[in-house]
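Engineer: Okay, here's the structure, questions in a sec.
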Amino acid sequence: MRYYLILIFFLNCFIFNNFSISNENDIYKKIDLFGEVLEKINEEYVDEINQSESMDSAINGLLQSLDPYSAYMSPEIFNEMQTETSGEFGGLGIEVSMESGVVKVISPIDDTPASKAGIKAGDYIVKIENIQVQGKTLSEAVDLMRGPVGSSIELTIRRRGEKKALTFNITREIIKIQSVKADLLEDDIGYIRLTSFNENSSEQIENKIKELKKNQNIKAYILDLRNNPGGLLSQAIRISDFFLDNGEIVSTKSRQPSENRKWFAEKGDLTQGKTLIVLINYGSASASEIVAGALKDHKRAIILGENSFGKGSVQSIIPLKNKGAIRLTIAKYYLPSGKSISEVGVSPDIEINEEGEEFKIKSETDNQLNYAIKLLKG
């Protein structure tokens, strides 16, 4: 029996080693095949090609075959991205991803050219200046949308529920992101609108809550996360903690043990347990979904609006030797309930479809906000 077990062990080792060698050989064969295809294209294709650009496209194709959020950034694009993260940049003011070969709008940012023009979350950009987007990489499409401040650009959009394509002419501007706005509604409802999760968002929200609390009559709060495409995980955790006394906020799971983490709330609800409504829509993504999902799971807030976007993955920017970088999905977010946000999103407790084109405080056309106010007023 002992020798039999030893024989099985060595047979398993032999099979595993052979499998590893076979798998490695298959990879080298594929690399050789890729080189052969590139050579044939270079020799036989009807037009002369730029081999460097072809290689960039191949790298990007590999990454985008994984998911819509992984991508290759050339040194030029990576440098531009680092410039844009300063919070003030030239552009249209939209957060985008790639889906089925076309650019999909995650969310237009408040008070930017895109939102003012009427671009909506979930819109598909099929043409940029009459250039078909189909077949281009996300980086190439984004590059086409870039241009000098003050210059105009034409976008052709396909929208859910619309039979015909829509055309928008938009003028590029310097984008200044003001992530937090607040107001007192109906004399006793604190309204806080958060448009993105940047490095100062939690501090701004904390200050706004303190200002609103000066009104002794305040009885409830509305946290508006509509059309908020997300941002920094650290800010999502801290902002969730403002409304919780304890419990898990979010966890991440990855192939790398170092990326498997859980974050918990600390005692101290800044709003002292007062009634809270969180507004979400299809443009609420990533960090917005973490906040809404955590508050829903802990039954701390009523979630009102539409199902959120469903971006529940963590991307890391990994620099490369050529001074470019790759954006790679390294983990997924999980809510306290254990549910993943990816491609599912957060469902509202009360579903109210949006009708207004813009989210303006005290707007008569903002039926979601007005419904929330009526609910709180009883």
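The values are calculated or read from the model by the stated rules, or taken from the named source; none is laboratory data. Everything numeric here is computed off the predicted structure, so don't read it as measured data. We place every Cβ from the backbone using ideal geometry, glycine too, and count neighbours over all the protein chains shown.
Engineer: Mind listing whichever residues of segment 227-254 are within 22 Å of Ile302 (Cβ to Cβ), in contact with a Lys or Arg (Cβ under 8 Å, 6 or more places away or on another chain) and not aromatic (Phe, Trp, Tyr)?
Structural biologist: Those that are within 22 Å of Ile302 (Cβ to Cβ), in contact with a Lys or Arg (Cβ under 8 Å, 6 or more places away or on another chain) and not aromatic (Phe, Trp, Tyr): Gly230, Leu244, Asp245, Asn246, Glu248, Val250.
Engineer: From the list Lys274, Lys299, which residue is without any contact (Cβ under 8 Å) to a residue 40 or more places away in the chain and among the charged types (D, E, K, R)?
Structural biologist: Lys299
Engineer: When the residues of segment 287-322 are narrowed to those that are hydroxyl-bearing (Ser, Thr, Tyr) and at pLDDT 95 or above, which ends up surrounded by the most Cβ atoms within 10 Å (Cβ to Cβ)?
Structural biologist: Ser288
Engineer: Okay, next question. Kindly indicate whether Glu351 is modelled with pLDDT of 95 or more, of a type outside the set (Gly, Ala, Ser) and surrounded by fewer than 18 Cβ atoms within 10 Å (Cβ to Cβ).
Structural biologist: yes
Engineer: Out of Ser139, Ser151, report the one residue that is among the polar types (S, T, N, Q) and without any contact (Cβ under 8 Å) to a residue 24 or more places away in the chain.
Structural biologist: Matching residue, one of Ser139, Ser151: Ser151.
Engineer: For segment 252-262, indicate whether the set of residues that are touching a helix residue (DSSP H, G or I) at 6+ places or on another chain (Cβ under 8 Å) and either within 24 Å of Ile205 (Cβ to Cβ) or modelled with pLDDT of 95 or more (or both) is non-empty.
Structural biologist: There is at least one residue in segment 252-262 that is touching a helix residue (DSSP H, G or I) at 6+ places or on another chain (Cβ under 8 Å) and either within 24 Å of Ile205 (Cβ to Cβ) or modelled with pLDDT of 95 or more (or both).
Engineer: Quick check: is even one residue across segment 185-201 aliphatic (A, V, I, L, M) and in contact with a Lys or Arg (Cβ under 6 Å, 6 or more places away or on another chain)?
Structural biologist: Yes, there is a match, as at least one residue in segment 185-201 is aliphatic (A, V, I, L, M) and in contact with a Lys or Arg (Cβ under 6 Å, 6 or more places away or on another chain).
Engineer: If you take the residues of segment 186-232 that are under 22 Å from the mean Cα position of the chain (by Cα) and among the basic types (Lys, Arg), which of them is farthest from Ile94 (Cα to Cα)?
Structural biologist: Arg193
Engineer: What is the one condition in (1) without any contact (Cβ under 8 Å) to a residue 12 or more places away in the chain; (2) under 21 Å from the mean Cα position of the chain (by Cα) that Pro257 does not satisfy?
Structural biologist: Among (1) without any contact (Cβ under 8 Å) to a residue 12 or more places away in the chain; (2) under 21 Å from the mean Cα position of the chain (by Cα), Pro257 violates only (2).
Engineer: Taking Ile174 as the residue in question, decide whether it is part of a strand (DSSP E or B), surrounded by fewer than 17 Cβ atoms within 10 Å (Cβ to Cβ) and under 24 Å from the mean Cα position of the chain (by Cα).
Structural biologist: yes
Engineer: Next up: Search segment 365-378 for residues that are over 14 Å from Ile302 (Cβ atoms) and pair each with any residue that is outside any helix (DSSP H, G or I) and small (Gly, Ala, Ser) when their beta-carbon atoms are under 7 Å apart and the residues are at least 6 apart or on different chains.
Structural biologist: Listed pairs, sorted by first residue: Thr365/Gly356; Asp366/Gly356; Asn367/Gly356.
Engineer: Given the condition part of a strand (DSSP E or B) and surrounded by 18 or more Cβ atoms within 10 Å (Cβ to Cβ), answer yes or no: does some residue in segment 133-150 qualify?
Structural biologist: No: zero hits.
Engineer: Take the residues in segment 151-171 that are under 26 Å from Asn79 (Cα atoms), surrounded by fewer than 18 Cβ atoms within 10 Å (Cβ to Cβ) and of a type outside the set (Val, Ile, Thr), then tell me which one is modelled with the highest pLDDT.
Structural biologist: Glu154
Engineer: I would also like to ask the following. Answer with yes or no whether Leu376 is surrounded by 22 or more Cβ atoms within 10 Å (Cβ to Cβ) and over 21 Å from Arg261 (Cβ atoms).
Structural biologist: In short, no.
Engineer: Those residues that are of a type outside the set (Lys, Arg) and over 30 Å from Ser316 (Cβ atoms), I need them from segment 245-274; list them, please.
Structural biologist: Asp245, Gly268, Asp269, Leu270, Thr271, Gln272, Gly273
Engineer: So which residues in segment 155-188 are on the phi > 0 side of the Ramachandran plot and not assigned by TED's automatic domain parsing to the domain that holds Lys127, if there are any at all?
Structural biologist: Passing the criteria: Glu186, Asp187.
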